[in-house]
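Read the structure below first, then the notes.
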Amino acid sequence: MTLKEYTYMKVIAHRGYSGKYPENTMLAFKKAEKAGCDEIELDVQLTKDKVLVIIHDETIDRVSDGSGFVRDYTFKELQRFNINKKFGDKYGFNAIPCFEEYLSWVKTKQITTNIELKSGNYYYEDLEEKVIKLIREYGMESRVMFSSFNHVSLIRCKQLIPEISCGVLTLKNGLGNAGYFASKYHFECYHPDIRGVTDETIQNCKDYGIKINVWTVNNEEGLEKLYDWGCDGVITNYPKLCKNWLALKENK
């Protein structure tokens, strides 16, 4: 049984073009935009001096030549670390970008942004307020959405700026009755791990008018599943691969 009802599926670059370039760096974001992605997904946290920075983990150990918690460094101190651990010297020096640097760049581009609020393991004080303040300063209200594993953060965002869409992130076990849950709290999207998605999940979201953006899909088998389900978006480390695959699919 196919659940597909439409053909267009948005390609969302997971931490930028993270399959080929250092994740959550300006290089990865620029390469994703050039690859033709529809949207960039990124992660925001706060430094010791309350600067919004873009990095996934609460520590810098996995991606950089340093160690320690993001929240224990000032933004200036973080700038000395190279976010290039996976790629060695291949791409030179890449600093942790601040969220404002990203907004300054993306405001002139024809893409949208999925902002993941990293408040699941450590709840940063006023994270939502600070992110929204910058979005308003750059006039980006109509070109962003929020997502988070901490659904309390999404509730807070809806209180502060209800016109911005929110996506409920879940791990591989997913969330039962996800469409109802999202609709009950006025969230527009559900963002599950592909390993936990079933026909029932998709149908439940469709029944409640909830959009479905699935992560992290990096191969044709996964893309075929999402396409047949009629998902709204694919969150991927390889935006070029997904764009090419979709183009071929639509032209058959």
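Table: residues versus (1) in contact (Cβ under 8 Å) with a residue 60 or more places away in the chain; (2) in contact with an Asp or Glu (Cβ under 9 Å, 6 or more places away or on another chain); (3) within 20 Å of S148 (Cα to Cα); (4) of a type outside the set (G, A, S).
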{"position": "Y8", "(1), (2), (3), (4)": "no, yes, no, yes"}
{"position": "G36", "(1), (2), (3), (4)": "yes, no, no, no"}
{"position": "Q45", "(1), (2), (3), (4)": "yes, yes, yes, yes"}
{"position": "L52", "(1), (2), (3), (4)": "yes, yes, yes, yes"}
{"position": "F69", "(1), (2), (3), (4)": "no, yes, yes, yes"}
{"position": "T74", "(1), (2), (3), (4)": "no, yes, no, yes"}
{"position": "K86", "(1), (2), (3), (4)": "yes, yes, no, yes"}
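Listed residues G120, G176; which is touching a Phe, Trp or Tyr at 6+ places or on another chain (Cβ under 6 Å) and surrounded by fewer than 18 Cβ atoms within 10 Å (Cβ to Cβ)? Can you show your working first?
Numbers: G176 fails: touching a Phe, Trp or Tyr at 6+ places or on another chain (Cβ under 6 Å).
One residue alone meets the criteria, G120.
Kindly indicate whether Y91 is of a type in the set (F, W, Y), closer than 27 Å to P192 by Cβ and modelled with pLDDT of 95 or more.
Values: of a type in the set (F, W, Y): yes; closer than 27 Å to P192 by Cβ: no; modelled with pLDDT of 95 or more: yes.
It is false that Y91 is of a type in the set (F, W, Y), closer than 27 Å to P192 by Cβ and modelled with pLDDT of 95 or more.
In the list K206, K118, K211, which residue meets the criterion of being more than 18 Å from the chain's Cα centre (by Cα) and either over 30 Å from K50 (Cβ atoms) or of a type in the set (D, E, K, R) (or both)? If you could, list the steps in order and put the result at the bottom.
Numbers: K118 fails: more than 18 Å from the chain's Cα centre (by Cα); K211 fails: more than 18 Å from the chain's Cα centre (by Cα).
The match here is K206.
Just give me the residues in the range 200-229 being of a type in the set (V, I, T) and assigned to a helix (DSSP H, G or I), in sequence order. Spell out the reasoning first.
Here is the first cut: in the range 200-229, the residues of a type in the set (V, I, T) are 201-202, 210, 212, 214, 216-217.
Once the filter is applied, which keeps residues that are of a type in the set (V, I, T) and assigned to a helix (DSSP H, G or I), the range 200-229 yields T201, I202.
Name the pairs: first residue in the range 116-142 and farther than 20 Å from V70 by Cβ, second residue basic (K, R) and part of a loop (DSSP other than H, G, I, E, B), Cβ to Cβ under 9 Å, at least 6 apart or on different chains?
As it stands, the answer is Y138/K107; G139/K107; M140/K107, since those pairs meet every condition given.
Restricting to the range 230-252, and then to whatever is assigned to a loop (DSSP other than H, G, I, E, B) and in contact (Cβ under 8 Å) with a residue 60 or more places away in the chain, can you tell me which residue is surrounded by the fewest Cβ atoms within 10 Å (Cβ to Cβ)?
Let us first name the residues in the range 230-252 that are assigned to a loop (DSSP other than H, G, I, E, B), namely 230-232, 237-238, 251-252.
Then keep just the ones that are in contact (Cβ under 8 Å) with a residue 60 or more places away in the chain; that gives 230-232, 237-238.
Values: G230: 17, C231: 26, D232: 20, N237: 22, Y238: 22.
This residue is G230.
Of all residues in the range 214-229 being within 17 Å of the chain's Cα centre (by Cα) and not polar (S, T, N, Q), which is surrounded by the most Cβ atoms within 10 Å (Cβ to Cβ)? Lay out the reasoning, then the answer.
The first filter runs over the range 214-229 and keeps only residues within 17 Å of the chain's Cα centre (by Cα), leaving 214-218.
From what's left, not polar (S, T, N, Q): 214-215, 217.
On the way: V214: 28, W215: 21, V217: 26.
Only one residue tops the list, namely V214.
Can you name the residue in the range 6-51 that is in contact with a Cys (Cβ under 6 Å, 6 or more places away or on another chain) and assigned to a strand (DSSP E or B) and, of all such residues, is surrounded by the fewest Cβ atoms within 10 Å (Cβ to Cβ)?
V11
The values are calculated or read from the model by the stated rules, or taken from the named source; none is laboratory data. A quick note: this is a predicted structure, and the numbers were derived from the prediction, not measured. Every residue, glycine as well, gets a Cβ built from its backbone with ideal geometry; the counts of neighbours run over all protein chains shown.
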